[in-house]
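In what follows, a structure is listed as structure tokens, so that the remarks can point back to it.
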Amino acid sequence: MAENDLTVVMHPSGVPVSTLPEAFQQTAALLPDSVAIRTVGDGVVITWRQYADRVRTIAAALAGLGVERGDTVGLMMRNRPEFHLVDTAVMHLGAIPFSIYNTSAPDQIRYLFGNAENRIVVAEKDFLPAVRAAGADVAHVIVVDGTAEGCLALEELESSPSAADFDFDSAWRAVRPDDVATIIYTSGTTGPPKGVELTHANVMAEFSAILDVLDLRPDDRIVSYLPHAHIADRVTGHYGNMVLGVPVTDVADPRAIAQALPDVRPTVWLGVPRVWHKVRSGIETTLAAEPSRAKRRLARWAIDTGIRAARQTLADKPLSASLTIRQRVADRLVLAKVRDALGLDRLRWGISGAAAIPVETLEFFWGLGIPVYELWGMSESVGGGTNNRPGATKLGSVGRAQRGVEITVAGDGELWIRGPIVMRGYRHQPEKTAEAVDADGWLHTGDIGTIDTEGFVTIVDRKKELIINEAGKNLSPTNIEMAVQAASPLIDQVVAIGDGRPYVTALIVLDREAAGAQAAAAGLADASAAAFAQSDEAGDMIRAAVVEGNSKLSRVEQIKRFYIVGTPWDPGGDELTPTMKLKRRPIAEKYSAEIDKLYATTPAPDVIEASTPE
């Protein structure tokens, strides 16, 4: 198949489209009175006609401020309708919108603006202090939620008369497939972020692959709650809306996603592993707190029955007559009610990506009747690369190569991919681009993995994050961490330590809600996660989880000592990137004293020792 066939999407209108503005205009013409964007509870509802009209107006206003083809515009907003309006308007000018993580510090903002060279930033008032402190050379700051001194208000811009000579239709029709559609700044666990330049052709190639797997339709429902600067939200929460007419619900606070799901009842939903883990933890915490022993036993029986049935189905093995009946009873009495309570009763495509997820977590959701497909990709490939799919799912793998993608394993075990989804390059960093994409077009992903005889890809770990212990043995920290995390809903994060060390230790962070529930159940006066972390109950429960996790690991991988961290970690903080990846080097530096204590003496064989905050 020719590459240009892979970078064109057949729009629901029946017209082939090759750029995002072209797709947007087709969608707006096809569905003028349908809902395009909404917020929870219908606080804001925007139809496609209204969306298109406002994009035309905002584009004209930005053109009046001097935004031209190829210029960049920075966006710093929570998940709100104005993001879609402004981002889409910028693209219609042939300009390049890019988002900034809302947790960014002034120094980070200054670096991004310097690399992007934007003269305009569009932001919420809450983020103006950081933008101003960055001291970047910007000509205009536009505020989307009111007015602020020295700034332009989006509402005022929209009500201003447009330049008589501005030709909106000519502007968007001039956008070409090889133009840059956006810049995704990698959150990066080490070093400054790199600006991934993705073209319209890249994005269309990803949607061509998505439609090969999933028949997305305008009557589907999606949610935008992950950071806009994350490629996952760009694709599922913004571009999917523009290209295919799928209505999107914006959730401004990602911590409120569990409360928002029953309102949205999405049919397609992406949750990073931490989100899926917290949903599972919430279910198990609620179950543990159920005062009726009979109800607890019934719920546990139903979940276990669902998991057994799901394992058989995923292994392509027929269910016995007995298990079929039990599964139906379990679903009617418990599982369907759980799906309904979660707001996931209409979900036909759950997605997990951005990091590894324990098989046990996937089995849990499949057992509930919630299909969750793990995929793998990166910002440099529009978030795509491989995926599991109906009829071709293998838990523990990230699936097979998606449409149009070649994948191979290099001599050192690194996965390389090639295809029309591979980025144009890193902005203003030709040396870094050459390191990442070789002369033959192979993107060196930095992930170590394997490909089995059926084409299923399994990720071992990040190439730079492998632990090499004192004896020279290569260990995957992610494999160790997932084994322990899956053993208890009380655990939010696990960090395996052991590079150059005689044995493996771990920092273990408690889940805020689960720890609070356990503290209350134990009758502690202080029901905070920090207080519970110091209790004997916490030590015993985490020790049991470590023992269970160790049973799934080889002897050299097993954790010998662990330290319970008293303070939960939040995305964008010292320990986690905004995309919820571990910042391993900063973690090692911040907790160096605690780590040193874990290696102060050699533990006795088969003894797992706990350490708690003092």
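The values are calculated or read from the model by the stated rules, or taken from the named source; none is laboratory data. Predicted model only: the values in this text are computed from it and were never measured. Glycine also receives a Cβ, built like all others from the backbone with ideal geometry; neighbour counts cover every protein chain displayed. These accessible areas exclude ligands, DNA and RNA; they are computed on the full protein's heavy atoms, side chains included. Shrake-Rupley method; radii C 1.70, N 1.55, O 1.52, S 1.80 Å.
Among residues of the range 252-293 being modelled with pLDDT of 95 or more and open to solvent by 40 Å² or more (accessible area, probe 1.4 Å), the one that is nearest to the chain's Cα centre (by Cα) is 252. Note on the range 1-86: enclosed strands (runs of 3 or more DSSP E) holding 1 or more residues that are farther than 24 Å from residue 174 by Cβ and out of contact with any Phe, Trp or Tyr (no Cβ under 6 Å at 6 or more places or on another chain) are 35-39, 45-47.
The set of residues in the range 314-349 that are within 26 Å of residue 392 (Cβ to Cβ) and of a type in the set (S, T, N, Q) comprises 320, 324, 327.
Being open to solvent by 30 Å² or more (accessible area, probe 1.4 Å), in contact (Cβ under 8 Å) with a residue 24 or more places away in the chain and in a strand (DSSP E or B), is that true of even one residue in the range 475-494? Checked against the condition, which is being open to solvent by 30 Å² or more (accessible area, probe 1.4 Å), in contact (Cβ under 8 Å) with a residue 24 or more places away in the chain and in a strand (DSSP E or B), the range 475-494 yields no hits at all. Looking across the range 416-430 at every residue that is in a loop (DSSP other than H, G, I, E, B) and of a type in the set (A, V, I, L, M, F, W, C), the one that is nearest to residue 113 (Cα to Cα) is identified as 423.
For every residue, the table says whether it meets (1) open to solvent by 10 Å² or more (accessible area, probe 1.4 Å); (2) of a type in the set (Gly, Ala, Ser); (3) touching a strand residue (DSSP E or B) at 6+ places or on another chain (Cβ under 8 Å); (4) not in a loop (DSSP other than H, G, I, E, B).
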position: 336; (1), (2), (3), (4): yes, yes, no, yes
position: 341; (1), (2), (3), (4): yes, yes, no, yes
position: 345; (1), (2), (3), (4): yes, no, no, no
position: 376; (1), (2), (3), (4): yes, no, yes, yes
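The one condition from (1) out of contact with any His (no Cβ under 7 Å at 6 or more places or on another chain); (2) at pLDDT 95 or above; (3) in a helix (DSSP H, G or I) that residue 107 does not meet is (2). Of the residues examined, residue 389 is one that is open to solvent by 30 Å² or more (accessible area, probe 1.4 Å) and in contact (Cβ under 8 Å) with a residue 60 or more places away in the chain.
What is the number of the single condition among (1) crowded, with 17+ Cβ neighbours inside 10 Å; (2) out of contact with any helix residue (DSSP H, G or I) (no Cβ under 6 Å at 6 or more places or on another chain) that residue 302 does not meet? It is condition (2) that residue 302 fails. Which one is farthest from residue 99 (Cα to Cα), of the residues in the range 112-125 that are part of a helix (DSSP H, G or I) and in contact with a strand residue (DSSP E or B) (Cβ under 9 Å, 6 or more places away or on another chain)? Residue satisfying both the conditions and the ranking: 125.
Number of residues in the range 433-446 that are in contact with a Lys or Arg (Cβ under 8 Å, 6 or more places away or on another chain) and at pLDDT 95 or above: the value is 4.
Against the list (1) within 28 Å of residue 45 (Cα to Cα); (2) free of Cβ contacts under 8 Å to residues at least 40 places away in the same chain; (3) buried (at least 22 other Cβ atoms within 10 Å of the Cβ), the condition residue 93 fails is (2).
I'd like to check something: does the range 264-286 contain any residue that is of a type in the set (Ser, Thr, Tyr), in a helix (DSSP H, G or I) and in contact with a helix residue (DSSP H, G or I) (Cβ under 6 Å, 6 or more places away or on another chain)? First the steps, then the outcome.
Just the residues of the range 264-286 that are of a type in the set (Ser, Thr, Tyr), to begin with: 267, 281, 285-286.
This time we only want the ones that are in a helix (DSSP H, G or I), so: 281, 285-286.
Next cut, in contact with a helix residue (DSSP H, G or I) (Cβ under 6 Å, 6 or more places away or on another chain) only: 281, 285.
Yes, the conditions are met somewhere in the range 264-286.
On the given criteria, is residue 513 farther than 20 Å from residue 587 by Cβ, open to solvent by 50 Å² or more (accessible area, probe 1.4 Å), out of contact with any Lys or Arg (no Cβ under 9 Å at 6 or more places or on another chain) and among the charged types (D, E, K, R)? In short, no.
Among 445, 450, 433, which is the only one that is in a strand (DSSP E or B) and surrounded by 14 or more Cβ atoms within 10 Å (Cβ to Cβ)? It would help to see each step written out before you state the result.
Working: 450 fails: surrounded by 14 or more Cβ atoms within 10 Å (Cβ to Cβ); 433 fails: in a strand (DSSP E or B).
Within the list 445, 450, 433, the selection yields 445.
Restricting the first member to the range 100-124 and to residues that are closer than 19 Å to residue 151 by Cα and of a type in the set (S, T, N, Q), and the second to residues that are open to solvent by less than 50 Å² (accessible area, probe 1.4 Å) and not in a helix (DSSP H, G or I), the beta-carbon pairs closer than 7 Å and six or more apart or on different chains are 102/76; 102/227; 118/72; 118/73; 118/74; 118/138. Among the residues making up the range 115-131, those that are closer than 19 Å to residue 71 by Cα and either surrounded by fewer than 20 Cβ atoms within 10 Å (Cβ to Cβ) or of a type outside the set (Val, Ile, Thr) (or both) are 115, 116, 117, 118, 119, 123. Of the helices (runs of 4 or more DSSP H) lying entirely inside the range 156-251, those containing at least 1 residues that are open to solvent by 10 Å² or more (accessible area, probe 1.4 Å) span 168-173, 200-213.
The single residue among 156, 197, 149 that is of a type outside the set (Lys, Arg) and closer than 20 Å to residue 443 by Cα turns out to be 197.
Do we have residue 517 as closer than 29 Å to residue 254 by Cα and either in a strand (DSSP E or B) or at pLDDT below 90 (or both) here?
Numbers: closer than 29 Å to residue 254 by Cα: yes; either in a strand (DSSP E or B) or at pLDDT below 90 (or both): yes.
Yes; evaluated as a whole, the condition is true for this residue.
Filtering the range 524-535 to residues that are open to solvent by 40 Å² or more (accessible area, probe 1.4 Å) and either under 13 Å from residue 488 (Cα atoms) or in a helix (DSSP H, G or I) (or both) leaves only 530.
Residues in the range 1-42 that are free of Cβ contacts under 8 Å to residues at least 24 places away in the same chain and open to solvent by less than 60 Å² (accessible area, probe 1.4 Å): 2, 13, 14, 15, 26, 32.
For residue 418, state whether it is charged (D, E, K, R), more than 26 Å from residue 227 (Cα to Cα) and in contact with a Phe, Trp or Tyr (Cβ under 8 Å, 6 or more places away or on another chain). Walk me through how you get there before you give the answer.
Values: charged (D, E, K, R): yes; more than 26 Å from residue 227 (Cα to Cα): yes; in contact with a Phe, Trp or Tyr (Cβ under 8 Å, 6 or more places away or on another chain): yes.
Judged against the criteria, residue 418 is a match.
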